[in-house]
Amino acid sequence: MTSTVHRTCPLCEAVCGLTLTLDEGGHVTSVRGDKEDPFSKGFICPKGASLGRLDEDPDRLRKPLIREGELWREVGWDEAFAAVKQGLDQVTERHGRQSVGVYLGNPNVHNMAGQLYGTPLLKSLGTRNIFSASTADQMPKHVASGLMFGHPLAVPVPDLDRTDYLLMLGANPLESNGSLCTAPDFPGRLKALRARGGRLVVVDPRRTRTAGLADEHVFVRPGTDAYLLFGIAHTLFAEDLTTVAHEVNGLDEVREAAKHFPPDVVSRRTGVPAEVIVRLARELAAARTAAVYARIGTCTAEFGTLAQWLVDVLNVLTGNLDRPGGAMFAKPATEFGLARRPYTLGRWKSRVRGLPEANGELPVATLADEIETPGDGQIRFLVTVAGNPVLSAPHGARLDAAFGRLDFMVSVDPYLNETTKHANVILPPPRALQSGHYDFALLNFAVRNYTRYSRPLLPLDGQPSEAQILARLTMIASGLDGDLDEFVIDQMLRKAVDLPGSGVEGRDVAELRAALDGDSGAELRLDLMLKLGPYGEWAGKGDLSLRKLLDNPHGLDLGPLEPRLAEVLRTASGVIELAPPQLIEDVERLRAGLEQEPPEIVLIGRRHLRSNNSWLHNVGSLVGGSNTCTLQINPADVARLGLDGEALIRSAKGELRVPLEPTDTIMPGVVSLPHGWGHGGSAQTVAAEHAGVSANELTDESAIDVPSGNAVFNGVPVTILPTSVITAH
Ligand SMILES: Nc1nc2c(c(=O)[nH]1)N[C@H]1C(S)=C(S)[C@@H](COP(=O)(O)OP(=O)(O)OC[C@H]3O[C@@H](n4cnc5c(=O)[nH]c(N)nc54)[C@H](O)[C@@H]3O)O[C@H]1N2
Ligand SMILES: Nc1nc2c(c(=O)[nH]1)N[C@H]1C(S)=C(S)[C@@H](COP(=O)(O)OP(=O)(O)OC[C@H]3O[C@@H](n4cnc5c(=O)[nH]c(N)nc54)[C@H](O)[C@@H]3O)O[C@H]1N2
Ligand code: SF4
Ligand SMILES: [Mo]
């Protein structure tokens with residue numbers, strides 16, 4: 001007997017519904033797009049189609065591992081947790097809680113455990129040495145949103161299905177399937193935009209597949225988007241094209257700041273002709289509705305926060321913020337009691353480099369400093385959950401060495417890889433099909449309001465769920481006994497019954513607790529969040545609950561985005577802060593950059609449709625073919641530099657030998673290397689055969705976006721040399 005089951009794909013931000021066929025043994029025999037999912041409507045990509053193979057990868061760890069010197073020993077769960085407890089006690093008794101560091105990697109955003117148990121774990125560890133993929137990714141957006149709208153999660157998304165004009169910078173959704181913009185079948189949505197007469201403009205140093213689908217592609221020099229966006233703002237002001245539709249503070253300051261960036265001046269820095277900048281401004285202003293959307297290419301850059309800020313400045317200046325067809329805020333089903341206090345930044349600083357905290361964490365660009373530098377608060381015990389910073393953090397090679405010097409490291413990860421090989425204990429989570437799935441984080445950024453829950457499809461077979469692993473670590477770190485979920489539920493219910501307008505104000509906590517449904521702590525918590533959420537049975541205008549989601553396994557459409565700025569705004573002033581002082585201050589750095597001579601050649605990254613950062617290279621169907629680790633370079637540069645076949649690429653931090661992929665789709669003076677490769681010597685058999693090299697041996701941890709501390713991966717100065725050159729490195 002085969003069975004057909006449905007679940008959300010956990011592999012990227014597009015949250016596609018999948019339909020899987022399983023044989024009697026529970027093996028996946030086919031994966032298709034779920035046609036009945038109201039959001040993804042049957043869309044699937046090659047990664048989703050490989051979910052079965054990934055899930056059944058024989059190289060996945062099934063039991064905890066303890067490292068003894070160079071050797072690994074499979075152990076039972078109790079022994080593994082006991083070893084962690086002993087290691088933690090030993091380090092913290094001598095060196096205190098600040099000697100603990102944590103790195104939370106990208107998949108935490110894609111699984112329930114990371115979303116529900118990450119925060120309790122961090123709290124119980126009691127350290128400020130918290131790091132995550134966010135500062136290698138989107139922290140500039142959180143900082144810009146926090147300062148402008150008062151909440152770091154108040155991130156407007158382009159209203160893709162209704163907009164008439166989309167200006168997209170530094171994103172390539174035809175490969176990535178979208179980011180900070182949850183939109184299954186992003187390609188189809190872009191085609192539909194054009195089919196209804198809309199216009200798509202893509203700004204990218206490469207003519208990407210997304211650019212190929214656009215009405216217009218504009219080449220831009222890496223790292224210069226803030227100049228380009230300011231040039232557009234300058235034109236809007238100069239030509240009196242602004243139509244601000246909300247109450248804002250700081251319009252005059254933005255106008256003043258923009259005066260320093262006229263199109264002809266920024267044109268020299270960005271490589272975008274002045275007349276194109278002026279035309280883009282006019283088109284944005286003239287479009288019936290329009291949205292500016294920017295992603296990783298503009299975030300992981302020297303002026304990342306300024307660029308993210310200017311994106312929404314343009315959305316405000318053109319009257320497009322919070323209106324249909326413009327840039328809008330989603331209303332996720334599990335939203336409850338957004339923090340009331342206005343956003344602050346830099347409440348503490350990192351010990352070694354004095355970098356400010358953002359969203360409660362420190363920049364991953366300074367993780368190695370904090371491990372290597374002796375003194376009070378030096379990290380000696382490290383926890384990694386779903387992260388591979390040796391390959392994904394700037395100058396990962398330095399972290400590789402630093403991890404080797406830790407007193408103790410524990411990794412929650414299904415693979416023995418470049419990072420976890422340094423752990424003393426590896427705790428493997430179960431397979432995706434054994435795990436429940438709800439997209440707490442990603443539905444904050446959906447282009448339609450939508451909800452869907454997938455129950456675990458296969459039994460756990462005596463293994464703890466990832467939720468249970470993180471809960472147990474939390475209990476070890478806190479020294480408390482008891483049920484973490486009950487504790488969290490109790491706290492949340494107490495808050496809700498005290499909160500006017502929660503829908504359960506003044507009710508009895510025990511009675512509410514008794515009314516919760518679910519087979520696990522995670523499900524009970526989901527049920528609570530759904531019931532208290534804006535469509536919830538208790539608080540909202542609807543009847544959402546876990547039960548309702550279980551009755552609707554293909555998901556539920558909750559309608560198009562609706563204007564809701566007033567609900568989202570959390571600034572102290574109660575209005576949009578268009579010119580936050582921290583950002584106006586950073587404009588000085590941007591102005592100074594205009595005077596500097598740009599490097600002759602800079603490095604940027606890229607993503608391939610069949611990749612996923614550092615961890616899908618062990619699935620045969622996803623590697624090889626066009627998914628290879630090559631250096632894209634313009635043929636003019638190949639000729640000018642006398643290159644052939646392979647080359648040496650050298651940065652301030654390292655040197656690599658790379659195969660060249662000459663292509664005129666990349667600007668002269670720019671080269672592109674994908675990240676996440678470099679699996680030489682890996683215990684993962686397929687990945688080791690497709691090792692590639694790690695782009696993050698070249699990136700520089702000393703370069704950061706100042707307001708957010710975010711890593712700079714795009715616009716890294718490099719030199720390219722023929723392989724015949726004998727190097728001093
Ligand atoms: N040069 C350069 N570097 C970059 C980027 C770039 O564009 N250029 N992009 C950056 C970005 S945007 C990001 S998000 C980071 C990502 O970098 P990381 O945060 O390091 O994440 P991944 O590389 O995706 O590694 C994921 C790890 O989680 C494990 N894993 C997978 N699923 C699960 C699970 O369900 N549970 C647990 N516990 N573990 C799991 C995998 O085995 C792997 O070890 O990389 C950044 N690094
Ligand atoms: N297939 C696949 N999908 C993924 C991932 C993956 O690794 N593979 N990773 C996931 C993750 S963690 C994330 S954060 C998202 C990211 O999602 P996207 O932001 O769409 O990521 P990319 O495909 O890397 O597209 C970034 C684009 O920015 C361009 N670029 C580089 N530098 C600059 C610059 O200075 N200015 C401008 N304007 N453009 C620049 C690059 O050429 C590239 O085309 O993708 C997610 N989805
Ligand atoms: S686009 Fe993303 S969510 Fe959809 S099937 Fe592919 S990897 Fe999964
Ligand atoms: Mo990311």
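What to note about this one:
- Of residues in region 391-407 being at negative phi and in contact (Cβ under 8 Å) with a residue 60 or more places away in the chain, the one nearest to ligand 1 (Cβ to nearest atom): SER392
- Failed criterion for ALA339 (all others in (1) more than 21 Å from PHE440 (Cα to Cα); (2) modelled with pLDDT under 95 hold): (1)
- Residues considered: VAL638, VAL686, VAL725. Of these, the only one that is hydrophobic (A, V, I, L, M, F, W, C), assigned to a loop (DSSP other than H, G, I, E, B) and out of contact with any Ser or Thr (no Cβ under 7 Å at 6 or more places or on another chain) is VAL725.
- Taken together, the criteria exclude LEU228 from residues that are more than 24 Å from GLY326 (Cβ to Cβ), crowded, with 24+ Cβ neighbours inside 10 Å and more than 17 Å from the chain's Cα centre (by Cα).
- Cβ-Cβ under 8 Å pairs, at least 6 apart or on other chains, region 209-233 side within 16 Å of ligand 4 (Cβ to nearest atom), far side not in a loop (DSSP other than H, G, I, E, B): none
- Comparison of GLY87, GLY126 shows that the only residue that is at positive phi and touching a residue at least 60 places away in the same chain (Cβ under 8 Å) is GLY126.
- ASP664 being at negative phi and surrounded by fewer than 20 Cβ atoms within 10 Å (Cβ to Cβ): yes
- Look at (1) crowded, with 24+ Cβ neighbours inside 10 Å; (2) touching a strand residue (DSSP E or B) at 6+ places or on another chain (Cβ under 8 Å) and you find that ASP161 fails only one, number (1).
- The set of residues from region 112-159 being aromatic (Phe, Trp, Tyr) and within 16 Å of ligand 2 (Cβ to nearest atom) comprises just one member, PHE131.
- Scope region 314-333; condition assigned to a helix (DSSP H, G or I) and either among the charged types (D, E, K, R) or over 13 Å from LEU228 (Cβ atoms) (or both); matching residues: ASN315, VAL316, LEU317
- Cβ-Cβ distances below 7 Å connect the following pairs, each with a first residue in region 50-71 that is small (Gly, Ala, Ser) and modelled with pLDDT of 95 or more, a second residue that is in a loop (DSSP other than H, G, I, E, B) and surrounded by 19 or more Cβ atoms within 10 Å (Cβ to Cβ), and a separation of six or more residues or different chains: SER50/VAL619.
- Checklist (1) within 9 Å of ligand 2 (Cβ to nearest atom); (2) surrounded by fewer than 20 Cβ atoms within 10 Å (Cβ to Cβ) applied to ALA211, failing item: (2)
- Of the residues in region 700-709, not one is assigned to a strand (DSSP E or B), away from ligand 2 (no atom under 16 Å from the Cβ) and acidic (Asp, Glu).
- Residue in region 514-536 that is over 26 Å from GLY114 (Cα atoms) and assigned to a helix (DSSP H, G or I) present: no
- Of THR8, THR19, all but one fail to be under 21 Å from LEU460 (Cα atoms) and away from ligand 1 (no atom under 15 Å from the Cβ); the exception is THR19.
- The helices (runs of 4 or more DSSP H) located wholly in region 66-163 that include 2 or more residues which are within 16 Å of ligand 4 (Cβ to nearest atom) and under 30 Å from SER454 (Cβ atoms) occupy 112-125, 139-149.
- Restricting region 282-311 to residues that are more than 16 Å from ligand 1 (Cβ to nearest atom), in contact with a Phe, Trp or Tyr (Cβ under 9 Å, 6 or more places away or on another chain) and in a helix (DSSP H, G or I), the residue that is farthest from ASN172 (Cα to Cα): ALA286
For every residue, the table says whether it meets (1) within 13 Å of ligand 1 (Cβ to nearest atom); (2) touching a residue at least 40 places away in the same chain (Cβ under 8 Å); (3) over 23 Å from HIS422 (Cβ atoms).
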| residue | (1), (2), (3) |
| --- | --- |
| SER672 | yes, yes, yes |
| GLY680 | no, no, no |
| VAL686 | no, yes, no |
| SER694 | yes, yes, no |
| THR699 | yes, yes, no |
| ALA703 | yes, yes, yes |
| PRO722 | no, yes, yes |
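- One residue stands out in region 417-427 among those that are part of a loop (DSSP other than H, G, I, E, B) and within 22 Å of the chain's Cα centre (by Cα): the one that is farthest from PRO464 (Cα to Cα), namely GLU418.
- Filtered by the rule that a residue be assigned to a strand (DSSP E or B), away from ligand 2 (no atom under 16 Å from the Cβ) and among the β-branched types (Val, Ile, Thr), region 1-39 gives THR4, VAL5, THR19, THR21, VAL28, THR29, VAL31.
The values are calculated or read from the model by the stated rules, or taken from the named source; none is laboratory data. What you are looking at is a predicted structure, and each value in this text was computed from that prediction instead of being measured. Backbone-built Cβ (ideal geometry, glycine too); neighbour counts: all protein chains shown.
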